[in-house]
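See below for the structure under consideration.
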Amino acid sequence: MAEEDNTVREPLDLIRLSLDEKVYVKLKGERELRGKLHAYDQHLNIILGDVEETVTTVEIDEETFEEIIKTNKRMVPYLFVRGDGVILVSPPLRS
Amino acid sequence: MLFYSYFKTLVGKEVTVELKNDLAITGTLHSVDQYLNIKLNSIRVVNEQKYPHMLSVRNCFVRGSVVRYVQLPPGSVDVELLHDATRREARGG
Amino acid sequence: MAEGQSGAKTPADFLKSIKGKAVIVKLNSGVDYRGVLACLDGYMNIAMEQTEEYVNGQLKNKYGDCFIRGNNVLYISTVRQA
């Protein structure tokens, strides 16, 4: 019986150690999520709770050609995230 | 298998499926398969003005690979059960 | 047989030899991650420590630990410690 050990032997161990912790997830399409990690699998399909989604969009001002960066935020109670959109997962900073 | 099993417990519940093309569909989960393909009944599109061609659609099949998110009904999320299932999956898989 | 530093012969040998080293991971999107490689698996999923995220050469973010899903990885390169 494997004990619940705290060593990171393979990359997914890092995710395992973040269960029930707040994590940051970077997704394709300039999307970011912050929420509590409740479930994941080897594809990085994920269930998060109390999720804040941030979507960043860049628009070009038609006159000045300046980049206007907009961020849209929303809260979702529970969210299933399909793994193929995941770029990066980071546990909270343990300080 | 974790998420397949979990989604099976949501059959009959109302979920919102958000697709990679930004279309968001709310409907009753009719069924799910191992690829996380999803069948929804009595659907409505969240932003109907933008997608009027969907107005007459009642039921649909969504290929798993085009799903970005599924918003889950808060009452159907058993956090402890998910933690246990995830740890079991991490050990076995 | 002419060899690079560390005597690695195959890509797999290279990957084995760089655990614990300072690396740059470039993703398909062009974003760079600089940090210490903790470990990696056969999908090129990567765990890194003390990671800095560079977008267009500019530091955008820092992560204590981070997991990168392997399908996004373009390359992993070692860096000389400054």
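Those strands (runs of 3 or more DSSP E) of chain B in which at least 2 residues are open to solvent by 20 Å² or more (accessible area, probe 1.4 Å), within 16 Å of A:Asn45 (Cα to Cα) and within 9 Å of chain A (Cβ to nearest Cβ), considering only elements entirely within it, cover B:67-71. Return the residues of the range C:71-82 that are part of a strand (DSSP E or B) and of a type in the set (A, V, I, L, M, F, W, C); say none if nothing qualifies. Once the filter is applied, which keeps residues that are part of a strand (DSSP E or B) and of a type in the set (A, V, I, L, M, F, W, C), the range C:71-82 yields C:Val73, C:Leu74, C:Ile76.
With respect to A:Leu44, is the statement that it is within 22 Å of B:Met1 (Cβ to Cβ), surrounded by 17 or more Cβ atoms within 10 Å (Cβ to Cβ) and touching a Lys or Arg at 6+ places or on another chain (Cβ under 6 Å) true? Yes: the conditions hold for A:Leu44. Residues in the range B:42-93 that are of a type in the set (Val, Ile, Thr) and closer than 22 Å to A:Lys36 by Cβ: B:Val67, B:Val70, B:Val77, B:Val79, B:Thr86. When you scan the range C:47-70, do you find a residue that is open to solvent by less than 90 Å² (accessible area, probe 1.4 Å), part of a helix (DSSP H, G or I), modelled with pLDDT of 95 or more and within 26 Å of A:Pro92 (Cα to Cα), even just one? Within the range C:47-70, one or more residues are open to solvent by less than 90 Å² (accessible area, probe 1.4 Å), part of a helix (DSSP H, G or I), modelled with pLDDT of 95 or more and within 26 Å of A:Pro92 (Cα to Cα).
Residue pairs whose Cβ atoms lie under 8 Å apart, separated by 6 or more positions or on different chains, with the first residue in the range C:56-69 and within 9 Å of chain A (Cβ to nearest Cβ) and the second charged (D, E, K, R) and exposed (fewer than 11 other Cβ atoms within 10 Å of the Cβ), are C:Gly64/A:Arg94. Screening B:Glu80 with (1) at pLDDT below 95; (2) more than 14 Å from the chain's Cα centre (by Cα); (3) not basic (Lys, Arg) gives one miss only, at (1).
Counting only strands (runs of 3 or more DSSP E) that fall entirely inside the range A:18-95 and contain at least 1 residues that are within 12 Å of chain B (Cβ to nearest Cβ), free of Cβ contacts under 8 Å to residues at least 60 places away in the same chain and in contact with a helix residue (DSSP H, G or I) (Cβ under 8 Å, 6 or more places away or on another chain), the qualifying elements are A:31-40, A:46-60, A:67-81. Tell me yes or no: at least one residue of the range C:24-45 is basic (Lys, Arg), assigned to a helix (DSSP H, G or I) and more than 9 Å from every other protein chain (Cβ to nearest Cβ). No: zero hits.
The values are calculated or read from the model by the stated rules, or taken from the named source; none is laboratory data. Note that the structure is predicted; figures quoted are calculated from it, not measured. Backbone-built Cβ (ideal geometry, glycine too); neighbour counts: all protein chains shown. Note: accessible area is taken over every heavy atom of the protein model, side chains too, but ligands, DNA and RNA are not part of it. Shrake-Rupley method; radii C 1.70, N 1.55, O 1.52, S 1.80 Å.
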